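Notes to accompany the following structure.
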Amino acid sequence: IYSIDEDEKLTPSLEIILPRDLADGFVNNKRESYRFKFQRIFDQNEKQETIFENIAKPVAESVLAGYNGTIFAYGQTGSGKTFTITGGAERYSDRGIIPRTLSYIFEQLQKDSSKIYTTHISYLEIYNECGYDLLDPRHEASSLEDLPKVTVLEDPDQNIHLKNLSLHQATTEEEALNLLFLGDTNRMIAETPMNQASTRSHCIFTIHLSSKEPGSATVRQAKLHLVDLAGSERVAKTGVGGQLLTEAKYINLSLHYLEQVIIALSEKHRSHIPYRNSMMTSVLRDSLGGNCMTTMIATLSLEKRNIDESISTCRFAQRVALIKNEAVLNEEIDPRLMIIRLQKEIQELKDELAIVTGEQRTEALTEAELLQLEERITSFLEDQHPESKLEVGADMRKIHHCFHYLKKLLNDKNIHGTSIASSEIKDHNSQEPLKEEEYKKLRDILQQRDNEINILVTMLKKEKKKAQDALHFSSMDRSELRRSQSSPFPPGNPEGPRMLPPSAPTQALDSSTSQYRSSVLHGKTGQ
């Protein structure tokens, strides 16, 4: 009936062979074979593990990275949708995509300790175009009609919100699997001619994953829809009636609306997409042509009697493959941090308004407020960061108190001598002018001494002239006079005392002066 052509170079293709019914005397020109191309084709003998590795694992990795993901199974009744999505109950190896995905996600979360992850789970059932929460604990005690219905709400940004659908936090894999088993127990299952335990409703198992790095205000939020659609069936072929007929009617109608949405999305110049026709297309709005990475699994029951349904399923899958989704990274600012920031901004604006309008606050600050202000000032003074700020608001009472407290701290530091470093800096700066004054004073003294020496030199010259006039006196007196003249100044440097260095001490200058005076007196005595 079918053949699979899997070439490494070419896209895998499935060929469905339709043998002709040759009747005598009639010409039959019906097509004998239908060929459909898929990204991957799994034969009847493939294991569940292979299905998960090829289909669900890439989607789960993208969800961990912050992108939305959807996996939905489509096919006729009894073709294996629920077995693929949820799994079989007989063997552990028959686990489906949902339990394997949960195991994989929680395994990855335990490995990655760099982020804080939170996981929530919801389980929605759409039965006869009405939504029900499969995780509602009232399922066991109440009939389906008494349970609150899940309704679809839409905000101005065309985002879908589901009222009466509960979100349950799951911290471990065990908790998540318990929620899955609870929801599966509450599903609508009935026996039909096509399937002994046929699911009569569409079920959407959603994993909400949010991740945040410690200290960061950005939160990544992603969701993974795992959808088990109810099987389409031809009522004329199955011959069902009563409640099963009503269920089949709603199932086929919702699948028809799903196909309408997919056809509209695949057409390029279509302005309106009929999402609101059914509840299922409204819920899966992001998954179909929106912000999501969507994978579709088409299940076929390749028997001779079901060959028409298999061909229509393949055609439906080809239309789905034409849809283009635009998945983006779901990052947003943490709403709690945003609320705190906005509250702070509101308070600052109120304070500014109070200052502008001149509204004075006369009541005194409480002890708790004063203590809080002093703690803020202390931490501000201890903070070495150049951009640190002292946040006290626009309340003038608090501002005045801050100045008084700072003045008090400054006075205390001066009293206890804690400002030694600042005084040393002042002393160091004041040393320069003092040195200049000393230099000036020494220069004045030196100038005065030079003047005195000049006067003495002129006096000595006069005495020398008188001594030359008295050469006719006795030789002893002449030698004494020559000795007295040569003792104050050596020959060749008559102005030697002038060349004293400026750094010579004052006592040296005084002693030389007294020496000159004594030599003059000695000369007079000798004469």
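The values are calculated or read from the model by the stated rules, or taken from the named source; none is laboratory data. Please read these numbers as outputs of a predicted model, since none were measured by experiment. Glycine also receives a Cβ, built like all others from the backbone with ideal geometry; neighbour counts cover every protein chain displayed. The accessibility values were calculated without ligands, DNA or RNA, using every heavy atom of the protein model including side chains. Shrake-Rupley method; radii C 1.70, N 1.55, O 1.52, S 1.80 Å.
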Residue order for S388, S13, S113 - accessible surface, 1.4 angstrom probe, largest first: S113, S388, S13
Mind checking which lysines have their Cα closer than 25 Å to the Cα of K413? Skip sequence neighbours fewer than 8 apart in that chain. K389, K398, K426
May I ask for the Kirkwood hydrodynamic radius of the stretch 43-329, worked out over all distinct Cα pairs and given in angstroms to one decimal? 19.7
Past 23 Å, Cα to Cα, is the threshold; run K81/K268; K47/K249; K111/K212; K37/K81 against it and keep the listed order. K81/K268; K47/K249
May I ask you to list the lysines whose Cα is less than 16 Å away from that of K466, ignoring any residue fewer than eight positions away on the same chain? K524
Reported to the nearest 10 Å², M459 has, with a 1.4 Å probe, an accessible area equal to 90
Extended-chain gain in nm, criterion 0.36 nm per residue less alpha-carbon gap, L442 and K212: 75.1 nm
The answer for C130, listing residues at least 5 apart or on another chain whose modeled amide H is closer than 5 Å to its amide H, is none
Using eta = 1.002 mPa s and T = 20 °C, Stokes-Einstein with Kirkwood Rh from Cα pairs puts D for the stretch 44-161, in µm² s⁻¹, at 125
Please list H416, H401 from largest to smallest accessible area, probe radius 1.4 Å, with all protein chains kept in place. H416, H401
Efficiency of FRET from Cβ geometry, N159 and S113, R₀ 35 Å, rounded to 0.05: 0.60
Gained length - R234 relative to N45, 0.36 nm times residue gap less alpha-carbon distance: 65.3 nm
How far apart, in nanometres, would the label points at S166 and H269 be if each is projected 7 angstrom from Cα along the Cα-to-Cβ direction? 5.1
How high is the relative contact order of the stretch 206-285, in percent, counting Cα pairs under 8 Å that sit 6 or more residues apart? 18
Sort the following peptides by mean Cβ neighbour count (other Cβ atoms within 10 Å, averaged over residues), highest first: 305-314, 441-450. 305-314, 441-450
Spacing of the two label points (7 Å from each Cα toward its C-beta) at F83 and L337, in nm: 4.9
Once label points are set 7 Å from the Cα along Cα→Cβ at both E345 and T151, what is their separation, rounded to one decimal in nm? 3.3
How much solvent-accessible surface does M338 expose, in Å² to the nearest 10, with a 1.4 Å probe and all protein chains in place? 60
Full extension from K30 to S103: what is 0.36 nm times the residue separation minus their Cα-Cα distance, to one decimal in nm? 21.5 nm
